[in-house]
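What follows is a single structure, written as structure tokens, with notes after it.
The values are calculated or read from the model by the stated rules, or taken from the named source; none is laboratory data. Everything numeric in this text was worked out from a predicted model, so none of it was measured. Cβ placement follows ideal geometry from the backbone for every residue including glycine, while neighbour counts extend to all protein chains displayed. All accessible areas refer to the heavy atoms of the entire protein, side chains included, with ligands and DNA or RNA removed. Shrake-Rupley method; radii C 1.70, N 1.55, O 1.52, S 1.80 Å.
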Amino acid sequence: MERIIGNLDKVKLKLDEAFFYLDEIEEILQEDSIDQEAGEKVGQAGERLAHELSALSGKVVELQDILRALEEREGTPGSAGASPVE
């Protein structure tokens, strides 16, 4: 179970990175002069992606909470705050 929680922590970090890259893409779109229609399409795709990433982040947190509750129920609460497995 510790490995699962650790892997979920890694997933959350990767989702945070994806949000960072979305922000960078948005900045590039604003700075560069690109076709308005193409910019709108990319912007809409970015918004959909951000929404999906946000939903995934929420699910990761939910899964982490469930796993921690299961660990506590099994009588191993000390391992719930374990650091991610490298």
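Things worth noting here:
- Local electrostatic count, L8, Cβ distance below 12 Å [Lys/Arg +1, Asp/Glu -1]: +2
- Within-14-Å neighbourhood charge of A45 [Cβ basis; K, R +1; D, E -1]: -3
- With K and R counted +1 and D and E -1, the other residues having a Cβ less than 15 Å from that of L67 yield a net charge of -1.
- Measuring nothing but protein heavy atoms, the accessible surface of region 28-72 at 1.4 Å probe radius is 55 percent carbon and sulfur.
- Counting only lysines at least 8 places from K41 when in the same chain, those with an alpha carbon closer than 28 Å to its own are K12, K14, K59.
- The peptide list 39-45, 5-11, put in order of mean Cβ contacts within 10 Å with the highest first, becomes 5-11, 39-45.
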